[in-house]
1. In the range A:272-304, which residues are closer than 17 Å to A:Pro228 by Cα, out of contact with any Asp or Glu (no Cβ under 9 Å at 6 or more places or on another chain) and of a type in the set (A, V, I, L, M)?
2. B:Met94 is checked against (1) of a type in the set (A, V, I, L, M); (2) over 20 Å from B:Ser274 (Cβ atoms); (3) without any contact (Cβ under 8 Å) to a residue 12 or more places away in the chain; (4) at the interface with another protein chain (Cβ under 8 Å from one of its Cβ atoms) and fails just one. What number does that condition carry?
3. For the range B:119-145, name all the residues that are out of contact with any Pro (no Cβ under 8 Å at 6 or more places or on another chain) and part of a helix (DSSP H, G or I).
4. Consider B:Val188 against the criteria (1) closer than 30 Å to B:Thr254 by Cβ; (2) open to solvent by 30 Å² or more (accessible area, probe 1.4 Å); (3) more than 9 Å from chain A (Cβ to nearest Cβ): it satisfies all of them except one. Which criterion is unmet?
5. Hey, among A:Glu213, A:Glu198, A:Glu205, which residue is open to solvent by 50 Å² or more (accessible area, probe 1.4 Å) and in a helix (DSSP H, G or I)?
6. Out of everything in the range B:119-162 that is of a type in the set (Asp, Glu) and within 7 Å of chain A (Cβ to nearest Cβ), what residue ends up being farthest from A:Cys172 (Cα to Cα)?
7. For the range A:131-141, give me each residue that is under 24 Å from A:Leu270 (Cβ atoms), hydrophobic (A, V, I, L, M, F, W, C) and open to solvent by 10 Å² or more (accessible area, probe 1.4 Å).
8. Check B:Leu46 against each of (1) within 20 Å of B:Gly285 (Cα to Cα); (2) modelled with pLDDT of 95 or more and name the one condition it does not meet.
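The values are calculated or read from the model by the stated rules, or taken from the named source; none is laboratory data. Please read all numbers here as calculations on a predicted model, not as lab measurements. Counting neighbours? That spans all protein chains shown, and the Cβs are built from the backbone with ideal geometry, glycine included. In case anyone asks, the SASA skips ligands and DNA or RNA and just uses the protein heavy atoms, side chains included. Shrake-Rupley method; radii C 1.70, N 1.55, O 1.52, S 1.80 Å.
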2 protein chains.
Amino acid sequence: MAHEIQADQAVATARFGDRVAEAVERKRSQLLVGLDPRPDLLPVELRGDAHLGREHAADAFARFCRGLVDAVAPYVVGVKPQLAFFEALGADGMRAFEEVCAYARSAELLVVADGKRGDVSSTARAYAAAYLERAEERPPLADALTVNPYLGRDAVEPFLAACRRDGGGIFCVLKTSNAGSADVQDLVLSDGRPLWHEVARLVREWGEDLVGEHGLSSVGVVVGATHPRAIGEARRALPQSILLLPGVGAQGATPADVARAFASGPASALVNVSRSVIYAYRVEGGDWRSAAGAEAARVRRDVWAVAGW
Amino acid sequence: MAHEIQADQAVATARFGDRVAEAVERKRSQLLVGLDPRPDLLPVELRGDAHLGREHAADAFARFCRGLVDAVAPYVVGVKPQLAFFEALGADGMRAFEEVCAYARSAELLVVADGKRGDVSSTARAYAAAYLERAEERPPLADALTVNPYLGRDAVEPFLAACRRDGGGIFCVLKTSNAGSADVQDLVLSDGRPLWHEVARLVREWGEDLVGEHGLSSVGVVVGATHPRAIGEARRALPQSILLLPGVGAQGATPADVARAFASGPASALVNVSRSVIYAYRVEGGDWRSAAGAEAARVRRDVWAVAGW
């Protein structure tokens, strides 16, 4: 019993960068699987229930995501549930979200809640409490949260405080995978740099005092794998940040596109794959769990190979 | 019955700008009250329950917000529930959020869900479904949603599509009330303008084909009332957008600071007041409902006077 309490406290106080580094080493994987449940894409055996109302749809989401966790757990360091898909089912969806987060953590996977949250500080404190803070009787819902940096330092500070206290991390949205990312993120500043380079400089400052023993900060960034050149630039601008790289698979990027992200070490980048893993059964046929597991195993191997560690 | 259905469809298809214009005219008010329930600030009669766990705290939130809706309804055009505070109580909190939104709508108030959401298009579609779209058996949860523009046009498009179809609106975060808003929003572009001026130009484009009969677009912006000069600049850059102005009251801005926001008409700006109304009883004493109602009546009158219509 005393042993259990000690282990629990050790997990809680370790810095997020160290937790990622240890998970990557232990699993020999830099893969996250994105949990993006959508009613119209669920396996037939689950889809039947999902049309009976939100409560049933949320149950179907939870069963789908638990099945995915079981299937991909050997091959991934964590999962990235996308809050929007759960929120689309309202409170029932959020109940499923909580269940899925707890299930993934019980499978010893890191949970990156993908919510792109961000607001003024009194509000950001509530978001930090929702996702990154230990409450009396429960551990933090997630290990990390994606955060939007548009509101500046004081809006991010409550998340940093939560990371300091409870060992979580954040990934600031830096340069996203979509075409429209150019509209704002690529705007040219008076010194000739694109806007997102200045956001990278700010993120480096924000994460400076949260660097763990493995040299990785609790403050990472999201960079779309669809922009290979941006990955190299982000790597140089943020040598101690973990790069979270969505866009491999359905969005068109390949493992080769992300190779340079690993220049700061084997755990210095995490590749997220969502649709091409979780809906692999729609292409490959067969059991949806087996198809997801096989695809996760394949991507994990390819990413590990290009990372070159 | 036929009449009811027609009325319902009329509400659904009217443009958001027209719905705001009609509400402002009917209520003679440009005030929104922000619903920011926090366990530690609840009236004592509700706080007792809130410490018995999340379900009880969520019930207390719902009772608090319903009481506030009753108290301020005569003086406001709508309410702006802040999602973060509800999310901090997890699925129980989201259940309370849904209940509060439905209650406010039944009191014929507009509901602006304050979530600052934003993500790539497939994900933004899920957020639009969550907050702005009519589902089979239910009306949209909210009339409008605050949105973060950092991901660009294609990430906003799903919200615009929802607004076109179901009559909702969005408020893009432009220049926020916090000090840290300078970090990113005020960055100087190569042509000498601050970044947020270019975001304003983008927002104008996004909202161009959603202008209603009253000349107001479904695409508005959030501008902190703590920056009076920015309000004037935003007004000129976005003559057809409704300016949502937080920051009056606890954050230090006064009704006089927002006067120029109304240059495009009596409904061309909405002033949001949160803490100084909903927690007025902590300063004024007495019944929390009466204190909130009295403060809302006072701010409504002051804003109406400076708007000068």
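1. Selection gives A:Val303 alone.
2. Result: B:Met94 passes all but (2).
3. The answer is B:Ser122, B:Thr123, B:Ala126, B:Ala129, B:Ala130.
4. Result: B:Val188 fails condition (3) only.
5. On inspection, the qualifying residue turns out to be A:Glu205.
6. Among them, the one singled out is B:Asp154.
7. Going residue by residue through the range A:131-141, those that are under 24 Å from A:Leu270 (Cβ atoms) are A:131-134, A:139-141.
Then keep just the ones that are hydrophobic (A, V, I, L, M, F, W, C); that gives A:132, A:141.
Once the filter is applied, which keeps residues that are under 24 Å from A:Leu270 (Cβ atoms), hydrophobic (A, V, I, L, M, F, W, C) and open to solvent by 10 Å² or more (accessible area, probe 1.4 Å), the range A:131-141 yields only A:Leu141.
8. So B:Leu46 meets the others, but not (2).
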